[in-house]
1. Name the single residue, out of those in segment 274-315 being touching a residue at least 24 places away in the same chain (Cβ under 8 Å) and assigned to a helix (DSSP H, G or I), that is surrounded by the most Cβ atoms within 10 Å (Cβ to Cβ).
2. Quick check on my filter: what residues within segment 379-433 are hydrophobic (A, V, I, L, M, F, W, C), at pLDDT 95 or above, farther than 20 Å from S469 by Cβ and more than 24 Å from the chain's Cα centre (by Cα)?
3. Within the bounds of segment 255-262, is there any residue that is under 30 Å from G461 (Cα atoms) and touching an Asp or Glu at 6+ places or on another chain (Cβ under 9 Å)?
4. Considering each of G424, G429, G477 in turn, give the residue that is crowded, with 17+ Cβ neighbours inside 10 Å and either touching a strand residue (DSSP E or B) at 6+ places or on another chain (Cβ under 6 Å) or in contact (Cβ under 8 Å) with a residue 12 or more places away in the chain (or both).
5. Could you say whether any residue in segment 146-156 is modelled with pLDDT under 70, in the same structural domain as F27 (by TED's automatic domain parsing), farther than 27 Å from A176 by Cα and more than 16 Å from ligand 1 (Cβ to nearest atom)?
6. Any idea how many residues of segment 450-474 are open to solvent by 30 Å² or more (accessible area, probe 1.4 Å) and out of contact with any Asp or Glu (no Cβ under 8 Å at 6 or more places or on another chain)?
7. Scan segment 395-416 and give yes if some residue there is open to solvent by 40 Å² or more (accessible area, probe 1.4 Å), out of contact with any strand residue (DSSP E or B) (no Cβ under 6 Å at 6 or more places or on another chain), within 16 Å of ligand 1 (Cβ to nearest atom) and within 26 Å of S253 (Cβ to Cβ), otherwise no.
8. Restricting to segment 187-200, give me the number of residues that are at pLDDT below 80 and of a type in the set (V, I, T).
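The values are calculated or read from the model by the stated rules, or taken from the named source; none is laboratory data. Note that this is a predicted model, so its numbers are computed, not measured. Please note: Cβ atoms are built from the backbone with ideal geometry, for glycine as well, and neighbour counts cover all protein chains shown. Side chains are part of the model used for accessible areas, which takes the heavy atoms of the whole protein and leaves out ligands, DNA and RNA. Shrake-Rupley method; radii C 1.70, N 1.55, O 1.52, S 1.80 Å.
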Amino acid sequence: MTTTLEREATPTIDRRRAALVGALVAFAGLASAELFGLVLPGRPSPVTFVADRIIAAMPDGPREALIGAVGTLDKPLLVVGIVLGVVLGGAVIGRISAARQSWAPWLFAVGGMVGWLVAWDGNSADILGLALVVAVGVTVASLAWTRLMPASTPDTTGPTVDRRAVLRAAGFLGLASAVTLGVVTIARRGSTAAVDAVRTTLKIPVAADPAKALSSGITPDVPGIAPAITPAEDFYQIDVALTPPSVDVATWSLTIDGRVDKPMTLTYNDLLAMPSMERYVTLTCVSNDVGGDLVGTAKWQGVRLTDLLAKVGVHDDATMVLGRSVDGFTVGFPRSILDDGRDAMVVYAMNGEPLPVKHGFPVRMVVPGLYGYVSATKWLEQIKLTTPAEDVPFWFSRGWSDDGTIESASRIDVPRDGTPAKAGTVAVGGRAWHQHTGVGSVEIRVDDGPWEKATLADPIGVDTWRLWSWQWAATAGQHTLTVRMHDIDGTVQSDAQRPTFPGASSGLHSIVVNVA
Ligand SMILES: Nc1nc2c(c(=O)[nH]1)N[C@H]1C(S)=C(S)[C@@H](COP(=O)(O)O)O[C@H]1N2
Ligand SMILES: [Mo]
């Protein structure tokens, strides 16, 4: 009997239970905060805000993490990590408060305050909404704590503890919180879906300056090769936003200002009413590895950037064009690159459809010959004519090169690296790109053999990739195939191996094929 009582009263068990309750009520607090955020203007979400802050802060860490942030960041994992962090924080608070239960609400308040500070991105519009949702979370956690804790404290003098009731209450709280977070997630997805529903009803005007008609020979006859024009649903997606911003076209506008005579603000309809152009352009991410697939080609429609700039009267001292997204992300490129007349566009349609939400709905920028991180602002809301001294774009402040001109690159798509093949004729195919310069020729090499000319598919234009094919007389054994391209002017692609950071990878793409 005494042993049981002693065990009941040992502080270890007590603290462990307090930690469990702390974790649960923190989880419940977070769920309530997220739920409350849904009904506030701007829909502040503590988890999303913290995730965005982490993504924004990441580049200060190791370079690999930096590349991961521009490249393929595992966002769902980040959300799970943040929720686990809050639960863990709750457990620590519970454990600390085991002996003094009245401390817990204060500690939850401190925890909430820290969360609020971490989540706030300096945008004053968010500060109040965030404070409100955090306050709701802290209140719910504190109330739940005071409900659950007295019952779960072993009290040798008072009435016996109904452990089962406590367990039931705790279980219910955990389940309710999990369900709430699920509902919040679905509701947030729903807001993207609602924007998407509006998007599909929008009518895209006929382009005054249409893209030239495509030949059917732009995609070579190689089984399994992806088409030369990338369907929107297969187009790579890179951004630092946790969920794509949901923009209401009815209230959206684009402001062009900075060092200009007459700043201008356009609504969606204003922009669609302007004479538009349509072009095929290949977009590439600077963090694409050799052989990687962060590259795609689409037909973009929009208004010529220089037409818009002519309307506002740009001052001579405005050396940089800065694009700002509704989510605060910025890109910047030298205004002088527009002098060659390239087809830089403020885009509202992709492959003949209103721009998909994840590719920047309602409006984005596309500049041929520049990597996405210096040019392709999605969810565009401002074009500012400025200088590098006045404004530092998002990735430049994180160590990435401010020279965003494209490197030449080539890739073998078929057969895939490591797949077996039968001896005899094997169809090899792939693509090469050097946007705004143009692909002149492509060569293939088997093992250390001579470079042989591949057959180029029909061109689309100098601003897009060019597909190629090659018939390989494959012999048994393990072989390495390597590809390289030459520009239109004959310049050969560099074989120097270089990682993506801080300014685009370089090196030749090779695959290994086992021929039987
Ligand atoms: N608002 C916003 N725009 C952005 C980015 C971003 O993180 N946020 N990423 C840029 C980068 S790095 C690239 S490569 C392209 C990718 O465009 P896509 O996702 O449509 O392929 O968008 C650019 N525009
Ligand atoms: Mo990118």
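1. L305
2. Matches in segment 379-433: L385 only.
3. The first filter runs over segment 255-262 and keeps only residues under 30 Å from G461 (Cα atoms), leaving 256.
Right, trim to touching an Asp or Glu at 6+ places or on another chain (Cβ under 9 Å) and you get none.
Taking every residue of segment 255-262 in turn, none turns out to be under 30 Å from G461 (Cα atoms) and touching an Asp or Glu at 6+ places or on another chain (Cβ under 9 Å).
4. G429
5. Checking segment 146-156: at least one residue is modelled with pLDDT under 70, in the same structural domain as F27 (by TED's automatic domain parsing), farther than 27 Å from A176 by Cα and more than 16 Å from ligand 1 (Cβ to nearest atom).
6. The qualifying residues number 10.
7. Checked segment 395-416: no residue is open to solvent by 40 Å² or more (accessible area, probe 1.4 Å), out of contact with any strand residue (DSSP E or B) (no Cβ under 6 Å at 6 or more places or on another chain), within 16 Å of ligand 1 (Cβ to nearest atom) and within 26 Å of S253 (Cβ to Cβ).
8. Qualifying residue count, segment 187-200: 1.
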